[in-house]
Amino acid sequence: MVDIAQLWAGSKRRNNAYYLGRQDARESNARTYARKLRIAITRAHGIFVEDADGHTYYDCLAAAGALPLGHNHPVALEAMRRAIDEELPFQTLDLTTPLKDAYTDALLATLPDEFAARARIHFCSPAGTDAVEAAIKLVKTCTGRGGMLAFQGGYHGMTQGALALMGNRAPKADLSGLMPGAQFLPYPYAYRCPFGVGGAETARLSAAMLRSLLADPEGGVLAAGLVTELVQGEGGVIPAPDPWSRDIRQITRDHDLPLVVDEVQTGWGRSGRLYAFEHSGITPDVLVLSKAIGGGLPMAVLIYDKDLDRWKPGAHAGTFRGNQLAMATGLATLRVIEEEGLVAHAGAMGERLMGNLNRVQDELPLLGDIRGRGLMIGAEFVDPDGRPDQLGHAPADGMAARAVQTECLRRGLLIELGGRHGAVARFLPPLIITGEQVDAVSEIFYEACRAVLDQGLRHRTAGLG
Ligand SMILES: Cc1ncc(COP(=O)(O)O)c(C=O)c1O
């Protein structure tokens with residue numbers, strides 16, 4: 001019999017430096033988080049993780065929002081144990097099981113009635129990017145058109161089609177031959193308004209541009225669908241104003257253009273509603289989900305109107321589409337979210353965090369904008385001495401953000417950066433975070449900002465990684 005304890009024994013014996021050194025030597029140059037968050041994680045519970053040096057951290061990264069209940073939630077663990085005890089298969093391709101049936105029921109029940117009644121579900125390979133690929137294929141097949149509309153600052157994943165629809169140019173810079181036909185429109189990012197006007201006008205003009213593009217016989221693009229997040233995440237935590245969401249819903253409907261809403265990050269409570277589209281009352285034609293819906297284990301699905309279900313058998317296959325453990329933890333997670341009122345809790349905790357961050361902004365000149373929805377919050381760093389843009393806002397300061405991230409790490413807080421120039425500190429804590437924990441996180445963030453400001457650390461950490 002294999003001795004599992006023996007197999008794992010080595011992994012708990014050394015310190016951070018040991019594991020990081022080996023990781024640096026052996027893992028790909030394309031690694032990401034591991035470059036900035038220089039720890040080796042040994043244990044995790046709730047909102048906390050521990051590293052190999054024995055330090056504990058508040059985890060406001062939560063696997064990029066994939067852990068709505070935090071680490072090792074007892075209900076998720078129980079669901080896994082039960083699945084194992086009942087000898088469920090690990091994987092079933094797309095064959096059905098009683099658990100899959102129950103998961104599908106529960107998933108459909110989360111949707112607005114009119115959407116659920118007409119919905120078809122496609123279980124995808126377990127990453128958000130695969131569900132985005134599926135969405136692209138679906139709308140192309142249905143419309144017979146080849147172009148795709150997306151938004152500046154959007155993030156949809158790292159595979160070829162999803163990447164082609166990503167705003168950030170850096171990951172595409174070395175690649176030729178990405179999916180052709182992607183066209184980008186300005187997103188309603190009022191603080192750095194693409195039209196140079198700011199405020200509510202930003203959203204109005206963004207929608208007007210889409211309307212004109214689609215109505216214009218010389219608009220140039222034959223689009224199969226429009227893909228959007230309703231709170232841009234990686235792009236810098238930019239919530240779309242509700243009137244804008246309603247406008248793009250109306251415009252796409254007027255032009256028979258399928259609206260693909262990417263809720264990979266916002267789905268299941270993150271924005272203070274179960275789905276971000278609920279804020280504006282719209283329903284998408286195609287909904288892309290991943291992250292939270294597996295309760296911490298990998299899962300991705302596409303949900304769409306049955307009129308679009310015109311692709312052929314095998315149009316989007318894949319081996320790992322029937323992960324029973326993920327369905328068990330996903331189902332259990334949804335129950336906890338519902339029974340413990342975690343969606344409303346996320347809204348309340350988000351407001352508390354925003355309030356705290358606004359106070360930090362009032363006191364320290366290095367934060368230009370605090371924004372977000374629910375527990376998806378961003379703080380944009382600016383260089384107060386830099387030349388203001390046409391709206392009078394100081395320039396984004398990625399170096400300050402990076403220095404604050406490092407200082408947060410030193411003080412026991414994991415946060416991620418996003419946005420243009422990496423200047424936005426992103427808070428994505430598990431939805432179970434308590435008020436006291438929100439305050440503790442805010443305090444650490446404040447101390448980290450203070451240290452960067454007082455000691456000029458911005459310059460010391462510049463240029464790392
Ligand atoms: C909005 C959005 N779409 C798609 C993806 C891609 O998901 P994955 O990293 O699981 O491929 C992400 C990942 O962060 C995301 O935030």
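Things worth noting here:
- Annotation for the stretch 205-215: no member residue is hydroxyl-bearing (S, T, Y), within 16 Å of the ligand (Cβ to nearest atom) and open to solvent by 10 Å² or more (accessible area, probe 1.4 Å).
- Residue check for H255: within 29 Å of G422 (Cα to Cα), away from the ligand (no atom under 11 Å from the Cβ) and either in contact (Cβ under 8 Å) with a residue 24 or more places away in the chain or open to solvent by 30 Å² or more (accessible area, probe 1.4 Å) (or both): no
- Among the residues here, E218 qualifies as free of Cβ contacts under 8 Å to residues at least 40 places away in the same chain, not in a strand (DSSP E or B) and not hydroxyl-bearing (S, T, Y).
- Which numbered condition A223 misses (of (1) over 30 Å from L67 (Cα atoms); (2) in contact with a Gly (Cβ under 6 Å, 6 or more places away or on another chain); (3) open to solvent by 10 Å² or more (accessible area, probe 1.4 Å); (4) small (G, A, S)): (3)
- Criterion violated by L111 - all others in (1) within 16 Å of the ligand (Cβ to nearest atom); (2) of a type in the set (A, V, I, L, M, F, W, C); (3) buried (at least 16 other Cβ atoms within 10 Å of the Cβ); (4) within 28 Å of F427 (Cα to Cα) satisfied: (1)
- Whichever residue in the stretch 163-180 is without any contact (Cβ under 8 Å) to a residue 40 or more places away in the chain and in contact with a strand residue (DSSP E or B) (Cβ under 9 Å, 6 or more places away or on another chain) and, among such residues, is farthest from the ligand (Cβ to nearest atom): P180
- I121 being modelled with pLDDT of 95 or more and part of a helix (DSSP H, G or I): no
- Restricting the stretch 289-336 to residues that are touching a Lys or Arg at 6+ places or on another chain (Cβ under 8 Å) and farther than 22 Å from D262 by Cβ leaves a set whose member that is nearest to the ligand (Cβ to nearest atom) is G322.
- Exactly one residue out of E50, E27 is among the acidic types (D, E) and farther than 30 Å from D439 by Cβ: that is E27.
- Residue check, A76 out of contact with any Asp or Glu (no Cβ under 8 Å at 6 or more places or on another chain) and either more than 30 Å from T32 (Cα to Cα) or within 16 Å of the ligand (Cβ to nearest atom) (or both): no
- Residue within the stretch 369-377 that is open to solvent by less than 50 Å² (accessible area, probe 1.4 Å), among the acidic types (D, E) and touching a residue at least 60 places away in the same chain (Cβ under 8 Å) present: yes
- Qualifying residue in the stretch 127-142 (condition: more than 15 Å from the ligand (Cβ to nearest atom) and assigned to a loop (DSSP other than H, G, I, E, B)): no
- Qualifying residues in the stretch 146-162 (those that are more than 9 Å from the ligand (Cβ to nearest atom), among the small types (G, A, S) and not in a strand (DSSP E or B)) - the one farthest from the chain's Cα centre (by Cα): G146
- Among the criteria (1) touching a residue at least 40 places away in the same chain (Cβ under 8 Å); (2) more than 13 Å from the ligand (Cβ to nearest atom); (3) open to solvent by less than 20 Å² (accessible area, probe 1.4 Å), the one Y275 does not fulfil is (2).
One line per residue, one yes/no per condition, for (1) closer than 17 Å to V336 by Cα; (2) of a type in the set (G, A, S):
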{"position": "A5", "(1), (2)": "no, yes"}
{"position": "W8", "(1), (2)": "no, no"}
{"position": "Y18", "(1), (2)": "no, no"}
{"position": "H45", "(1), (2)": "yes, no"}
{"position": "V49", "(1), (2)": "no, no"}
{"position": "A64", "(1), (2)": "no, yes"}
{"position": "L67", "(1), (2)": "yes, no"}
{"position": "G70", "(1), (2)": "yes, yes"}
{"position": "L77", "(1), (2)": "yes, no"}
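- Among the residues here, L334 does not qualify as among the hydrophobic types (A, V, I, L, M, F, W, C), closer than 26 Å to G418 by Cα, within 22 Å of the chain's Cα centre (by Cα) and open to solvent by less than 30 Å² (accessible area, probe 1.4 Å).
- Hits in the stretch 36-78 - residues which are among the charged types (D, E, K, R), part of a loop (DSSP other than H, G, I, E, B) and buried (at least 20 other Cβ atoms within 10 Å of the Cβ): none
The values are calculated or read from the model by the stated rules, or taken from the named source; none is laboratory data. Keep in mind that what you see is a predicted model, and the values were worked out from it rather than measured. Every residue, glycine among them, receives a Cβ derived from its backbone with ideal geometry; neighbour counts consider all protein chains shown. Just so you know, the surface numbers come from the protein's heavy atoms only, side chains and all, with ligands and any DNA or RNA stripped out. Shrake-Rupley method; radii C 1.70, N 1.55, O 1.52, S 1.80 Å.
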